[in-house]
Amino acid sequence: KLHLLHNATDETIERIDVTDEKTHDSTLFKTGSWLQGRLVLFDRAYFKYRRFALIDENDGYFVSRLKENANPLITEELREWRGRAIPLEGKQIHDVVDDISR
């Protein structure tokens, strides 16, 4: 398998690895100071709470699809919504997902 870490901003390949087909993609992602100020986009194969915590500790950012059983706490709303908006801060995703329409 071919594993790439692509920098979309600079249009460069940051890291390249070739492994056998049994090596899980997730094991090749290493955290560190290189994450500072960077946004990492993950597929669900990389979903791991400890990994997300390490990215946060290195002042990085991430976006990932959630696993179905994940139920994170909404800690902050980044904007104020108009109309019939409901407050989300302090609630968990599964508690509000059926109540939001956008």
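A short reminder: the numbers here are calculations on the coordinates, not readings from a lab. Just so it is clear, the model here is predicted, and its values are computed rather than measured. Backbone-built Cβ (ideal geometry, glycine too); neighbour counts: all protein chains shown.
Observations
- Across the stretch 6-18, rounded Karplus estimates of 3J(HN,Hα) from the backbone phi angles (6.51 cos²θ - 1.76 cosθ + 1.60, θ = phi - 60°) give 9, 8, 5, 5, 8, 6, 10, 9, 7, 7, 9, 9, 10 Hz, Gly and Pro being marked x.
- In terms of the mean number of neighbouring beta-carbon atoms within 10 Å, the peptides 27-40, 64-77 order highest first as 27-40, 64-77.
- Under a 5 Å amide H cut-off, with hydrogens placed 1.01 Å from N, residue 15 pairs with 5 among residues at least 5 apart or on other chains.
- Under the simplified labelling scheme, the residue 4-residue 78 pair shows an inter-label distance of 2.6 nm, with each label point 7 Å from Cα along Cα→Cβ.
- Its Cα centre serving as origin, the chain has a Cβ charge dipole (Lys and Arg +1, Asp and Glu -1) of approximately 160 debye.
- Gyration tensor (alpha-carbon) shape descriptor, the chain, a/c threshold 1.5: prolate
- Phi angles of the stretch 44-60 translate, via the Karplus equation with coefficients 6.51, -1.76, 1.60 and θ = phi - 60°, into HN-Hα couplings of 4, 4, 9, 5, 7, 4, 5, 4, 5, 5, 5, 5, 4, 4, 9, 6, x Hz per residue; Gly and Pro are given as x.
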